[in-house]
Amino acid sequence: MSAPPTPHPNADHRVDQAHPGFFTPRVILKALLLFLLINLVFVLVYPLDAVGGLSVYNRLVPGRVRLPYGDDPSRAYTLSLFSLEAMFSSHEIDAVPKAADEYRVLLIGDSSTWGYLLPPGQTLAAYLNQTTLTLPDNRHVRAYNLGYPVMSLTKDLLLLSQGMRYQPDMVIWLVTLESFPLDKQLYPPLLLHNPEAVRELIAEYDLPLDTNDPGFINAGPLGRTIIGSRRTLADWLRLQFYGMLWAATGIDQYIPASFTPRMEDLPPDENFHELEPPHLNFDQLAIDVLQAGQQAVGQVPLVIINEPMFISQGENSHIRYNYYYPRWAYDDYRLLMAESSAANGWRYLDLWDAIPASEFTNSAVHMSSSGTAQLADLLCEVILANAVDLP
Amino acid sequence: MSLLQILIFGLFSMAVGCLPPARWRVWVLLAGSLLSVYWLQPSIPIRALDFWLPSASIGVTLLIWAITVPKDRLNLRSNQAAFALIAVLVLMISMTRYSGNFCCLTPSRPPQIVTVLIVIALTAGLLYLVYRAGVTSRRMAAIAVLLIIGLFFLLKYSPLSQSASAILRRLSGQDASLASSFDLAWLGFSYLAFRLLHVIRDYHSSKLPAYTAGEFLTYALFYSSLTAGPIDRSQRFIQNDLRSTVTVTTSGRLRGLERILFGIFKKFVLADTLALIALNQQIAMQTHSSFWMWVFLYAYALRLYFDFAGYTDIALGLALLVGIQLPENFNRPYLKTNLTAFWNSWHITLAGWFRAYVFNPLTRALRISPRRFPVWSIILIGQIATMSLIGLWHGISWSFAIWGLWHALGLFIHNRWSDWMHPRMAGVGANRNLNLGLSLGGWFITFQFVCLGWVWFALPDPSAALQVFRVLFGL
């Protein structure tokens, strides 16, 4: 006959004696019920927007000067996230109500406006603010960078619609042809992860886009639980922690010491996306999104700028202007923009060749610091010319 | 360990804890530990090295067993089953080479099975020779100590690791110019080495009981403590727990699960979040504000604690599930009111190891030395030797050496201060406010001292650490 089991010297037997045999199942059952209950409450309340609105930025640390976007969070001290609330509440524009003497200008656009490869103090918005531009009515122009490094007019419209709650006095929307093709309007992850907001835009402005785009990431009932929302919650938390590094270092983008320069010699390719020469099919361009932008801003002046781009002098430059654009397509686009602006009464300025080729960095639309400063000087004139309700 | 690995180890441990009779446990734990040595090993760019390093862990452990086992009480034949199990498992793992992506025990494809068979045969032959050496075992033990320390030096000294990596790359037909000191990521060797050194030292002191090969391997390579300790003593692990026929109780299981959950929270929630802002070389060079530098330094200190203490909790919890009570490694170290108390509660098993095998023998030798040393110098020499070695255990570099010296001097100063204060404190025992003030002051100074010490620890070179000190103090 074998000896009875010896109790472990460190074992606490009070628990077992009090609830013989049932203790573990009961603990597990209670934990499971509590877990389900918390998740159920979370599904019902679904507080992600409220959580996104909670922010250390503008309270414990300074607001960011541009929307969070990061390829390499550990070096950029920021990250790309999909919560619009969290993105905007981390931005300096969310800091304080607009002052009476502030003339608020929102800059909307792609990576060029956001300032890819430029430190925060050398972006378009930063240079505009450095000019300390004052209007005749003594209001000080204060520009806010709401650019985001993805090329899609619908993405711009989404950020513009969010930005309108900050009472802008003027919106400057920098666009380029690459943001226009209809087939790439909904590709940015930021849009795909915000299907409801995008659907609202599509419905409100009757945009020629699919409200049931298969790329949309719809949160089902499980996706609305804490488990399903863990990525959003973790991203929000990381953004808050990176705020300390932003405050300490002023870094919000990893800028490598060297980069591959924009392409000078170009392939002899005449195609632009699915479109072939000799003319653009305007039905495949998202011109309607620009019109939607005009409606979204209401009475606020919206100035559309065809942003500067690199114009190659290299091989096959007689066929293409640069990596993005064959000449025929871009020329057609400029014509379309000019005609549409005239027809619709848009405030439009074509600055496509305003900046010298030497001022472009790693892409046909990314400008150097001095190129950006030159563009800022041009925009000062635009702001002065388009500011309304002035004495 | 990843969360998935912790889950699988947890389920495995729960199953082992339920095994009746308990004597089977050692076999299952041995098999589990051997498999985990391969499974936990991270990927290495040198071909098949992530198979050979875990194999080397097993080989070195068996070698030390063969050297230290009392030949009059245990023979090779009585361990045949353990040897067979080890050989079969290693061969099975090497055969996963032919299973495509089906098996995932090793991070890359194991080497040719013929090569593995040859190495197993050579290892078996070496073990036999070592075992037969009999009376010369003590000399063998000395050689084994040198071998372990040599391996340790190779792994911890970057230039040497890089050279070794280049040689291994050449041998495996790879580009030697890509060699890096990080290539020789031998999982758990730091802890394994200290367990084996402890066994050899106790063998020398005739304090080592007889263990079977299976027991010895399970102790040295126990899966829960393989990656981050604690460094248990073989006598306690094997005699008290492994051989015990204790039935794992429900409360034991619950305590284990609770410990694992706390560990997961500390490691994956607290430590990994703090890691975002913890001081490192990049942050150190980019931060010019004293306030933020202090914040990042405190974040580093807390991150280090939660990371290590979290892993320890997980290790202890997994062990509890199979009825093994591993020693504690932390006891609220950042709340201690003096540096000696800190070192009695931070990485307790490592500090205990060095106290037992370095500090005590060294100070004893100095005390009985014909040349009479003053007490203070004995303490100073003992602290400097011990803490420098603890520093170098983390890596052979100036930064770790200075970190060790920093603490050695701190411990020495505290020792002298305590001696000076002791008679003067006789009358203030009843004064609660004074005691409270002294405790708070002691805690504050200790915590700051430890945190400032982490500056040397966190940064790869002393010049970067000095730059951080300049920013911290606004110099």
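Condition (residue is outside any helix (DSSP H, G or I) and open to solvent by 40 Å² or more (accessible area, probe 1.4 Å)) applied to the stretch B:307-321: is it met by at least one residue? There is no residue in the stretch B:307-321 that is outside any helix (DSSP H, G or I) and open to solvent by 40 Å² or more (accessible area, probe 1.4 Å).
So that you can scan it fast, the table gives a plain yes or no per residue for (1) open to solvent by 20 Å² or more (accessible area, probe 1.4 Å); (2) hydrophobic (A, V, I, L, M, F, W, C); (3) farther than 30 Å from A:PHE216 by Cα; (4) touching a residue at least 40 places away in the same chain (Cβ under 8 Å):
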| site | (1), (2), (3), (4) |
| --- | --- |
| A:ALA125 | no, yes, yes, yes |
| A:THR131 | yes, no, yes, yes |
| A:VAL141 | no, yes, yes, yes |
| A:THR154 | no, no, no, yes |
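Within the stretch B:218-266, the set of residues being basic (Lys, Arg) and not in a helix (DSSP H, G or I) comprises B:ARG233, B:ARG243. In the condition set (1) in contact (Cβ under 8 Å) with a residue 24 or more places away in the chain; (2) away from chain A (no Cβ under 14 Å); (3) of a type in the set (A, V, I, L, M, F, W, C); (4) over 21 Å from B:SER190 (Cβ atoms), B:MET14 is compliant with all but (2). Given the criteria open to solvent by less than 10 Å² (accessible area, probe 1.4 Å), of a type in the set (S, T, N, Q) and part of a helix (DSSP H, G or I), does B:SER36 qualify? Against the criterion (open to solvent by less than 10 Å² (accessible area, probe 1.4 Å), of a type in the set (S, T, N, Q) and part of a helix (DSSP H, G or I)), B:SER36 qualifies. Just to be sure before I move on: is B:GLY437 open to solvent by less than 80 Å² (accessible area, probe 1.4 Å) and in contact with a helix residue (DSSP H, G or I) (Cβ under 8 Å, 6 or more places away or on another chain) in the structure I sent? Answer is no for this residue. Screening B:SER345, B:SER388, B:SER418 for residues that are of a type outside the set (D, E, K, R) and outside any helix (DSSP H, G or I) leaves exactly one candidate, B:SER345. Of all the criteria given as (1) more than 14 Å from chain A (Cβ to nearest Cβ); (2) out of contact with any His (no Cβ under 7 Å at 6 or more places or on another chain), the one not satisfied by B:THR250 is (1). Considering each residue of the stretch A:202-212 in turn, at least one proves to be among the small types (Gly, Ala, Ser) and more than 22 Å from A:GLY70 (Cβ to Cβ).
Against the conditions (1) surrounded by fewer than 19 Cβ atoms within 10 Å (Cβ to Cβ); (2) more than 12 Å from chain A (Cβ to nearest Cβ), B:ILE260 satisfies every one except (1). Can you confirm whether the stretch A:105-112 contains a residue that is more than 30 Å from A:HIS273 (Cβ to Cβ) and either in contact (Cβ under 8 Å) with a residue 24 or more places away in the chain or of a type in the set (Val, Ile, Thr) (or both)? There is at least one residue in the stretch A:105-112 that is more than 30 Å from A:HIS273 (Cβ to Cβ) and either in contact (Cβ under 8 Å) with a residue 24 or more places away in the chain or of a type in the set (Val, Ile, Thr) (or both).
For the stretch A:133-184, enumerate the residues that are within 16 Å of A:ILE93 (Cβ to Cβ) and part of a loop (DSSP other than H, G, I, E, B). The answer is A:LEU146, A:GLY147, A:TYR148, A:GLN167, A:PRO168, A:ASP169. For the stretch B:213-222, the criterion of being touching a Lys or Arg at 6+ places or on another chain (Cβ under 6 Å), open to solvent by less than 10 Å² (accessible area, probe 1.4 Å) and at pLDDT 95 or above is met by at least one residue. Identify all residues within the stretch A:75-105 that are touching a helix residue (DSSP H, G or I) at 6+ places or on another chain (Cβ under 8 Å) and open to solvent by 40 Å² or more (accessible area, probe 1.4 Å); write none if there are none. Across the stretch A:75-105, the qualifying residues are A:ARG75, A:PHE82, A:GLU85, A:ASP94, A:LYS98. Take A:LEU191 and tell me if it is within 16 Å of the chain's Cα centre (by Cα) and in contact (Cβ under 8 Å) with a residue 24 or more places away in the chain. Spelling it out, A:LEU191 is indeed within 16 Å of the chain's Cα centre (by Cα) and in contact (Cβ under 8 Å) with a residue 24 or more places away in the chain.
Residues in the stretch B:273-293 that are surrounded by fewer than 17 Cβ atoms within 10 Å (Cβ to Cβ) and part of a helix (DSSP H, G or I) were compared, and the one that is farthest from the other protein chains (Cβ to nearest Cβ) is B:GLN281.
The values are calculated or read from the model by the stated rules, or taken from the named source; none is laboratory data. Since we're looking at a predicted model, the values are computed, not measured. Reconstructed Cβ throughout: ideal geometry from the backbone, glycine too, with neighbour counts over all protein chains shown. Note: accessible area is taken over every heavy atom of the protein model, side chains too, but ligands, DNA and RNA are not part of it. Shrake-Rupley method; radii C 1.70, N 1.55, O 1.52, S 1.80 Å.
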